[in-house]
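Working notes for the structure below.
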Amino acid sequence: MSRLRAPECPNYPRVVRASAWYDLAVTAGFATPWTYALVHDALSSAGTALGVGGLPELDVWQVLFANLMGSVVVVWAALRIVRPRPEYGLFDGMARALFATWQLYALAHGVSQLVWLFFAVEVAFGALQLAPWRWTRNADLAGDETSRPLVPAAEAAGPPTGPPS
């Protein structure tokens, strides 16, 4: 069985961290009911001014789900800023593929065209974070064993089992 190997891209942690900073900047306002009301009004005004459509009136369900999403993404972003590990980039890339899918679904069902701006960033960061894994996988299939393992050997071995020295 083949083990998943981390890509050997020296700038990869920077991409993971940059995507996290973007997430933090864009979603921090969604994390509380008070800040979401401000973000909602700003996005709605921008959509109306640009002629691409405003947002629906706020209701308690919309606020709840915006706050849940905002809270989770803020915590996820903080983790990737503090520790931009390759596997976090892989999982973030997969999450971005899901987000982009649901954004396309919403666009197909009449949501404000402002979503295209967020969609473009999701696709860009998703591609930047997933592509190196594809290259690593192709190298593994070709028999290139120079890639480093996803989990360093010391972590894979687990904690020491004997008494402390």
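Please report the carbon-and-sulfur percent of the accessible area for the range 1-135; probe 1.4 Å, protein heavy atoms only, DNA, RNA and ligands left out.
Values: 5920 of 8020 Å².
Carbon-and-sulfur percentage of accessible area, whole number: 74.
Note down, for the range 23-103, the three equivalent ellipsoid semi-axes (square root of 5 times each alpha carbon gyration tensor eigenvalue), biggest first, whole angstrom.
On the way: eigenvalues 136, 43, 26 Å².
Equivalent-ellipsoid dimensions as semi-axes: 26, 15, 11 Å.
Summing charges over neighbours of residue 19, with a neighbour being any other residue whose Cβ is under 15 Å away from its Cβ, gives +2 when K and R count +1 and D and E count -1.
Could you compute the net charge surrounding residue 96? Neighbours are other residues with a C-beta less than 10 Å from the C-beta of residue 96; K and R count +1, D and E count -1. Kindly include the intermediate steps, with their values, before the conclusion.
Values: positive: none; negative: 23, 92, 122.
Result for the local shell: -3.
Excluding ligands, DNA and RNA, the accessible surface per residue across the range 1-87 is 61 Å² with a 1.4 Å probe.
Using a probe of 1.4 Å on the protein chains alone, the accessible area found for residue 36 is around 20 Å².
For every other residue with a beta carbon closer than 14 angstrom to the beta carbon of residue 66, add +1 if it is Lys or Arg and -1 if Asp or Glu, then tell me the sum. Walk me through the intermediate numbers first.
On the way: positive: none; negative: 41, 57, 59.
Residues close to residue 66 contribute a combined charge of -3.
What are the ³J(HN,Hα) couplings of the range 102-112, residue after residue, when phi is run through the Karplus curve with 6.51, -1.76, 1.60 and θ = phi - 60°? Round to Hz, x for glycine and proline. Per-residue couplings from phi come out as 6, 5, 4, 4, 5, 4, 5, 10, x, 5, 3 Hz. Under 20 Å from the 7 Å Cα→Cβ point of residue 116, by amide nitrogen: which residues of the range 22-61? Taking a point 7 Å out along Cα→Cβ of residue 116, the residues of the range 22-61 whose backbone N falls under 20 Å are 43-56.
Spin-label pair residue 52-residue 79: with each label point 7 Å from Cα along the Cα-Cβ axis, the two points sit 3.0 nm from one another. Projecting the Cα positions of 111, 20, 68 onto the charge dipole of the range 20-138 (unit charges on Cβ atoms of Lys, Arg, Asp and Glu, taken about the Cα centre) puts 20 furthest along the positive direction. Couplings for the range 71-77, taken from phi via the Karplus curve 6.51 cos²θ - 1.76 cosθ + 1.60 with θ = phi - 60°, read 5, 5, 5, 5, 5, 4, 5 Hz in order; Gly and Pro are left as x. One chain, two ends: residue 105 and residue 69. Fully extended at 0.36 nm per residue, the span grows by 11.2 nm beyond their Cα-Cα distance.
The values are calculated or read from the model by the stated rules, or taken from the named source; none is laboratory data. Remember, it's a predicted structure, so these values are computed and weren't measured experimentally. FYI the Cβ positions are ideal-geometry reconstructions off the backbone, even for glycines, and counts take in every protein chain you see. The accessibility values were calculated without ligands, DNA or RNA, using every heavy atom of the protein model including side chains. Shrake-Rupley method; radii C 1.70, N 1.55, O 1.52, S 1.80 Å.
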